[in-house]
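These notes are about the structure you will find just below.
The values are calculated or read from the model by the stated rules, or taken from the named source; none is laboratory data. What you see is a predicted model, and the numbers here were worked out from it, not measured in a lab. Note: ideal-geometry Cβ built from the backbone for every residue, glycine included; neighbour counts use all protein chains shown. Just the protein is used for accessible areas: all its heavy atoms, side chains included, with ligands, DNA and RNA removed. Shrake-Rupley method; radii C 1.70, N 1.55, O 1.52, S 1.80 Å.
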Amino acid sequence: MLTQLTQVIREPNRFLLKQVFINQDHVTTITEDTHLENQNSNSGPIVEGLNKQHRFSRISINSGGQSRSITVIGDPESIMREFKKNKRQLLRG
C-alpha cells in the first residue's frame, strides 16, 4: 500500500518540498530528524509556508537490496498513523 508524504529535498542553497508515495512494506526505520528541526526553528522556516514548530522524520527504505533514506515532514508518530490509516485491514470470519 502506498502512502503520500511530503519529502524535504536539500539543495546547496535551498530546500524544496516534493510529494512522494512510500510503499510502507519497504520502510525499515522512522527516526526523528532533529538536525533539520533545529535548523528550521533556529534559522526560520526552511521553506516558505512552514512554521518553526514543524517536525521532521528520516525514513529508511529498503528495496531491491538497496537502502536509502529520505526526510519527510511530520514526527515519527504521525508518519506511523498515516501508514496505519492507509493499511488495508483484512476481516476474518
Item to complete: Between beta-carbons, use under 10 Å as the cut-off and find the net charge around S41, counting Lys and Arg +1, Asp and Glu -1.
Response: +1
Practice prompt. Determine the share of the chain's accessible area contributed by carbon and sulfur atoms, expressed in whole percent, with a 1.4 angstrom probe.
Written response: 46 percent
Fill in: Whole-Hz couplings from phi, Karplus 6.51/-1.76/1.60, listed for the stretch 28-42; x for Gly and Pro
9, 8, 10, 10, 5, 9, 5, 4, 5, 4, 5, 4, 5, 7, 8
Item to complete: List the relative contact order of the chain as a percent without decimals, with contacts defined as Cα pairs under 8 Å and 6+ residues apart.
Response: 29 percent
Worksheet item: Tally Lys and Arg at +1 and Asp and Glu at -1 over the other residues with C-beta under 13 Å from the C-beta of I30: what net charge comes out?
Response: -1
Worksheet item: Helix 76-86 sits at what angle to the longest principal axis of the chain, using alpha carbons and giving 0 to 90 degrees rounded to 10?
Response: 40 degrees
Worksheet entry | Residue-normalised accessible area of the stretch 8-68, expressed per residue, 1.4 Å probe, Å² | 67 Å²
Discussion item. Once the cut-off is 23 Å, how many percent of the Cα-Cα pairs in the chain end up in the long-distance tail?
Written reply: 28 percent
Discussion item. Could you compute how much accessible surface T29 exposes when probed at 1.4 Å, giving the result in Å² to the nearest 10?
Written reply: 70 Å²
Worksheet item: Amide H to amide H under 5 Å from R55: which residues, 5+ apart in sequence or cross-chain, H placed 1.01 Å off N in plane?
Response: G74, D75
